[in-house]
Amino acid sequence: MKKIVLIGDSLLTNFQSEHLENSVDNKFINLSKDQDNSNSISGKLDTISNQDPDVIVVGFGINDICVVDDIKPGKYAYNITKLIENFGTEKLILLSPQYIDWTKNPDYPWTRQVQFELITENISKKHNLRYLDILHKMSYGNKDEFLKNDGIHLADKGLNFVESSIAPEIDFLLAQ
């Protein structure tokens, strides 16, 4: 049985494995929490390591982007890089932050969303990681379909979109 650890914020909290080819042969350990930001990574390194995962899906950003919490972009990059240093690149899938409707939530400005996406993209290129740009994929078309009325959290269609985007990446790494 292969182990897949998910670590992140509300982007991954409700992840379901139904989109994976062989989901019954895999064990999912979801360490994601709605209010977590990338600062929580260091406190979870031992927990992740103890699971001896075959794949780690990393999806932080919503709470890092919020200007109220004031997580600096450099600190966000450091936190993500710390995870890479601990577990290597072969088993990691890095997700960009998701889209947030900044017109409903001015504490999540579009410029900061793009800034944090660029950080994840840069880290993925620098370390040759599997990477999914969730932000830009969600920001095209009818964005409102992906989000609940609060403009932050994923509606069923958004959750389905994220899960179906991640599943092939997990399948690919498990086939290695």
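The values are calculated or read from the model by the stated rules, or taken from the named source; none is laboratory data. Note that the coordinates shown come from a computational prediction; the quantities given were computed from them, not determined experimentally. Note: ideal-geometry Cβ built from the backbone for every residue, glycine included; neighbour counts use all protein chains shown. Each accessible area value is taken on the protein alone, full model and side chains, heavy atoms only, with ligands, DNA and RNA left out. Shrake-Rupley method; radii C 1.70, N 1.55, O 1.52, S 1.80 Å.
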Practice problem: Calculate, for segment 113-176, the solvent-accessible area per residue in square angstrom, rolling a 1.4 angstrom probe over the heavy atoms of the protein chains. | Solution: 51
Practice problem: Give me the compactness ratio for the chain, meaning the Cα radius of gyration over 2.2 N^0.38 Å. | Solution: 0.96
Quiz item: For segment 24-109, with the dipole built from +1 on Lys and Arg beta-carbon atoms and -1 on Asp and Glu ones, taken about the Cα centre, which of 40, 66, 100 lies farthest toward the positive end?
Solution: 66
Exercise. Starting from the Cα gyration tensor of segment 81-147, take the square roots of the eigenvalues, sort them a ≥ b ≥ c, and report rounded, prolate or oblate (rounded when a/c is under 1.5, otherwise prolate if a/b is larger than b/c, else oblate).
Key: prolate
Practice problem: Using Cα pairs closer than 8 Å and at least 6 residues apart in sequence, work out the relative contact order for the chain, in percent. | Solution: 24
Quiz item: How large, in percent, is the carbon and sulfur part of the accessible surface of the chain at a probe radius of 1.4 Å?
Solution: 46
Quiz item: Just from its helices, what would the mean residue ellipticity at 222 nm be for the chain, if runs of 4 or more DSSP H residues each count -39500 (n - 2.57) and the sum is divided by every residue, rounded to the nearest 500 deg cm²/dmol?
Solution: -13000 deg cm²/dmol
Self-check item: Order by protection proxy (mean Cβ within 10 Å, highest first), peptides 136-143, 37-44
Solution: 37-44, 136-143
Self-check item: At R0 = 35 Å, FRET efficiency that the Cβ-Cβ distance of residue 128 and residue 105 yields, to 0.05
Solution: 0.55
Practice problem: Over segment 32-80, average the accessible area per residue using a 1.4 Å probe and give it in Å², no decimals. | Solution: 43
Quiz prompt | Among beta bridges that DSSP assigns inside segment 1-107, antiparallel share in %, nearest 5 | solution = 0
Quiz item: How much length is gained if the chain between residue 16 and residue 51 is pulled fully straight, taking 0.36 nm per residue apart and subtracting their Cα-Cα distance, in nm to one decimal?
Solution: 10.7 nm
